[in-house]
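The values are calculated or read from the model by the stated rules, or taken from the named source; none is laboratory data. Just so you know, these numbers come straight off a predicted model, no measurement behind them. FYI the Cβ positions are ideal-geometry reconstructions off the backbone, even for glycines, and counts take in every protein chain you see. What goes into the accessible areas is simple: the full protein's heavy atoms, side chains included, and nothing from ligands, DNA or RNA. Shrake-Rupley method; radii C 1.70, N 1.55, O 1.52, S 1.80 Å.
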Amino acid sequence: MSYEEEFLPKTGGLSFKKLAREVFSSKANDKNKELQKINPNMTFLIDWESILTLPSDLKWKARREELGPIDNAILYLKFSRKINYLCEDLPKEFCKDPDCKEAFLGLKKMILHIKHNPNDTQSNGCNFHQFGVAGEELHVTLEANLPELMREANDGSCPDAKEDAKRLTNCF
């Protein structure tokens with residue numbers, strides 16, 4: 001199975017698959033190559049089901065147009081630095097420690113999950129990550145108040161890789 005086949009969603013309809021393919025073409029394929037410079041055996045994936053299960057009544061205006069949660073989440077992944085951060089900044093910081101690097105090299109997949117938390121009041125996009133390791137998979141969950149996080153003004157926010165690396169260490 002090619003990386004593209006593994007990355008793209010298996011469900012969700014044609015329009016959803018088209019949006020996912022745009023994320024793959026515009027960002028994920030190149031960033032996966034960056035990730036593989038650090039761990040040649042690892043692939044970056046998105047849990048598309050986590051996006052498909054976002055509350056359907058959740059709508060907000062981003063990029064000058066009110067869209068539903070699926071369209072907005074895909075736009076966020078396509079235009080924010082989130083995938084860059086997860087595939088480049090965080091692994092570089094985490095692998096500065098030789099023991100952490102050894103643990104990271106044992107992983108085969110990094111899977112991003114997206115969850116809406118309506119009670120979250122922060123909107124800067126920094127350090128909303130929850131980490132978990134299951135076998136050879138690193139699960140990264142972005143849990144935030146999505147309308148607040150994904151507004152155009154917050155697209156450029158940059159998480160603290162040192163802080164996330166510390167939290168990631170606790171997963172091993």
Legend entry - Accessible area (Å², per residue) of the chain, counting only protein heavy atoms and a probe of 1.4 Å: 50 Å²
Inset, instruction - Quick one: which residues, 5+ away or cross-chain, put their amide H under 5 Å from the amide H of Phe44? H built at 1.01 Å from N. - result: Met110
Legend entry - Cα long-axis angle, helix 13-23 against the chain (0 to 90 degrees, to the nearest 10): 50 degrees
Inset, instruction - Take each of the peptides 159-171, 135-147, average the number of other beta-carbon atoms within 10 Å over its residues, and list them starting from the highest. - result: 135-147, 159-171
Legend entry - 0 to 90° range, to nearest 10: angle between helix 69-79 axis and the chain longest Cα axis: 50 degrees
Inset, instruction - For the range 110-120, take each phi angle, set θ = phi - 60°, evaluate the Karplus expression 6.51 cos²θ - 1.76 cosθ + 1.60, and give the result in whole Hz per residue in order, putting x for glycine and proline. - result: 10, 10, 8, 10, 10, 10, 9, 10, x, 8, 6
Inset, instruction - Whenever you get a sec, compute what percent of the accessible area on the chain sits on carbon and sulfur atoms (1.4 Å probe). - result: 48 percent
Legend entry - Within the chain, helix-based [θ] at 222 nm, where runs of 4 or more DSSP H residues each add -39,500 (n - 2.57), nearest 500: -10500 deg cm²/dmol
Legend entry - Antiparallel %, DSSP beta bridges [both residues in the chain], to 5: 45 percent
Inset, instruction - Determine the relative contact order of the chain: mean sequence separation of Cα pairs under 8 Å and six or more apart, normalised by residue count, in whole percent. - result: 23 percent
Legend entry - Under Karplus coefficients 6.51, -1.76 and 1.60, residue-wise ³J(HN,Hα) of the range 27-42 in Hz, glycine/proline x: 8, 4, 4, 5, 6, 4, 5, 5, 4, 6, 5, 8, 9, x, 9, 9
Inset, instruction - Please tell me the relative contact order of the range 1-53 in percent, rounded to the nearest whole number, where contacts are Cα pairs under 8 Å and at least six residues apart. - result: 37 percent
Inset, instruction - Using the structure shown, select from Lys92/Lys115; Lys59/Lys82; Lys17/Lys101; Lys18/Lys166; Lys31/Lys115; Lys10/Lys162 the pairs with a Cα to Cα distance greater than 28 angstrom. - result: Lys17/Lys101; Lys18/Lys166; Lys10/Lys162
Inset, instruction - Could you tell me which label, among (i) 19; (ii) 48; (iii) 28, carries the value of percent of Cα pairs over 28 Å apart calculated for this structure? - result: (i)
